[in-house]
Every structure is written in structure tokens, then in C-alpha cells.
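No lab work stands behind these numbers, since they all come straight from the coordinates. Being a predicted model, the structure only gives us computed values, none of them experimental. Ideal geometry is used to build each Cβ from the backbone, glycine not excepted, and the neighbour counts take in all protein chains shown.
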Amino acid sequence: MALKGRLEDFGITQLLNLINLARKTGTLYLEGAQKNAYLCFREGKLIYAAVEGMDDSLPAILQRASVFTPEQVRMIQTNMPGKSDREIAQVLITSGRLQQQLVVKSVRDYVLDLVYQIFSWTEGQFRFEPSKLPVQGKITTSIALENVIMEGSRRVKEWERLQDELPDLDVPLKFAERPTTPLRDVNLSVEEWRVISFVNPSNTIRQIAQFNNMSELQIRKIVYSLLQAGLVEIVRPPRPTAAPPSAAAARPGTPPPPTAVPSTAVQMQRPAVKRGIIQKLISRIKEL
């Protein structure tokens, strides 16, 4: 019989503890507030995970891990249509284009990243189906849940702190005129450079995350570190100034003027990568 319930009553940490202690084999299906996901277990070990709407094919996983470029992934998909992940991995490993250890590590990192994101889910439904494992043809791993639970709980606390520090992602960033950290001491990661390349008053933090395939936790961590280093600043919207009341509005019984309705909706445009900004930052460093 399937175990069912609400995440409001039985959280992710409690579910994983139960599966771990009972050494369960099966699949935990989750219906979150915005997405659905499933986690697969064998004898209490996490072996696979997937989120609805996210490509979990092996080529896509290897692209996210920066093992293959998008062009290489397209070539693999063109040359091996209909092949399962296991079959694709076997061909790539046998031909010497890929090492088995790299495949296992990429899948493991992908699964862990998804599960850590799911730890923040506090609303929705769950259902555990014993002995059901929809992983045929997939590359699976074996991860002890004790460490997953500890790290997931730590990240939830970090997530809550970052939400307090950076509650709104729909605001743009700009470079600080006078960085508080000496630029000679700046040592940015690859992910931080990717974010830096999109910094522009016309691009919101959420847009930057979307076009870099970053989760809200990732973008909050990076932006928070850049803010702490004094390299960027949040662009705050100007405070609206109250207009003086008109003579017509002062007269009792006078109806308010009609609200203007725009003829066309404003559409969000994809942020353009500002390569000049990177050069500007490099130039500043060279001037020191």
C-alpha cells in the first residue's frame, strides 16, 4: 500500500529519515506548489531523482556538468536517437570519449543538487510507492541518506537566511562605483563571472538566474557574495512623489480621471550578455 500525505504535515527531512531507517525500496512522488518530482531508493539508499520539466537525459546532465558543449550534445542526440542513457554511456566510454568515473560523478552531482532543492519544499502532496523504480535505462547511483539529510537541513537554514538578506529577485544590479573590496583581492569563480557578465540595470536578478540555468539558492548565494564584496549594488526603484491634488479632485462629487490603459503589453526581453562589462572590470584591475 502506498504511503500518502501532505508535506505540511510530514516534511522532506522526516520522509527521508523514515525511508533511511526502514531501508525502503521504492519511489517517493512529490507534488510541489509549482513542480512535481520523484526520488528513487533502493534499500534506503538514494539512487535517482528527477524534476518535472527538466531534461534528465544523460547528455543534458553532462552538459550541465560542463563535460560536453551544447554542440557536442546535439551531435550525440543526432547520432544515437532513441538510445537509453546506459547505451549512450556505454558507447561513449567504449570509444574513449568519456570516462566511467566522470559519468558516475556527473549523475551523482545532478541527483544531489535536485534533492537539496527539494528540501525547501514545504507545501504539496507526497506518495511513496514501494518497490516501484522508474529508472529503466538510466544511470543510477547509491547515496547514503544520513549525509544527504544533514547537508539538506544545513542548506534549508542557509536558504532561509539568504531569503531574509535578499528577499526580492525582481530587482536589477549595477556595478558599485567604489568597490569596498580591493580589486586586486578579487578572485571570482566561473559561476560568479557568468553572473557578472549579465550585470546591467536593465536585467533583474531573476532574469540573470534564468539565462544561466541557476536555481534561486545558487543565484542568491552568488549575488549575496558579490554584494558583501562591494562589487555590485541593488538598483532600488525611485520613490514615487505625491502629486498635488487638482482643483477638480478637490471638489466633492467630482469623479476621478480615467486610468490610461496601455495599448500593448510590455514583454520581457532576454538580457543581452554585456561583454564590455567584463572588460571594464578587468581594466579596473589592470589599473591598480
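Within region 35-55, does at least one residue satisfy the condition of being under 15 Å from the mean Cα position of the chain (by Cα), of a type outside the set (Gly, Ala, Ser) and closer than 22 Å to LYS83 by Cβ?
Among the residues of region 35-55, at least one is under 15 Å from the mean Cα position of the chain (by Cα), of a type outside the set (Gly, Ala, Ser) and closer than 22 Å to LYS83 by Cβ, which makes the answer yes.
Does region 126-141 contain any residue that is small (Gly, Ala, Ser), loosely packed, with under 15 Cβ neighbours inside 10 Å and farther than 17 Å from ILE61 by Cβ?
Looking through region 126-141, at least one residue is small (Gly, Ala, Ser), loosely packed, with under 15 Cβ neighbours inside 10 Å and farther than 17 Å from ILE61 by Cβ.
Give region 94-111 a look and list any residue that's within 16 Å of ILE76 (Cβ to Cβ) and either touching a residue at least 12 places away in the same chain (Cβ under 8 Å) or assigned to a helix (DSSP H, G or I) (or both), or say none.
Of everything in region 94-111, those that are within 16 Å of ILE76 (Cβ to Cβ) and either touching a residue at least 12 places away in the same chain (Cβ under 8 Å) or assigned to a helix (DSSP H, G or I) (or both) turn out to be THR94, LEU98, LEU102, VAL103, SER106, VAL107.
Filter the helices (runs of 4 or more DSSP H) completely within region 1-90 down to those with at least 2 residues that are over 18 Å from ARG108 (Cβ atoms).
12-22, 70-79
Considering only region 143-176, state which residues are surrounded by 12 or more Cβ atoms within 10 Å (Cβ to Cβ) and either among the aliphatic types (A, V, I, L, M) or assigned to a loop (DSSP other than H, G, I, E, B) (or both).
ILE143, LEU145, VAL148, ILE149, VAL156, LEU162, LEU166, LEU169, VAL171, LEU173, ALA176
Within the set of pairs 6+ apart or on separate chains, which have a first residue in region 12-31 that is buried (at least 18 other Cβ atoms within 10 Å of the Cβ), a second that is of a type in the set (D, E, K, R), and C-beta atoms under 7 Å apart?
ASN20/GLU146; GLY26/GLU129; GLY26/LYS132; THR27/GLU129; THR27/LYS132; TYR29/ARG127; TYR29/GLU129
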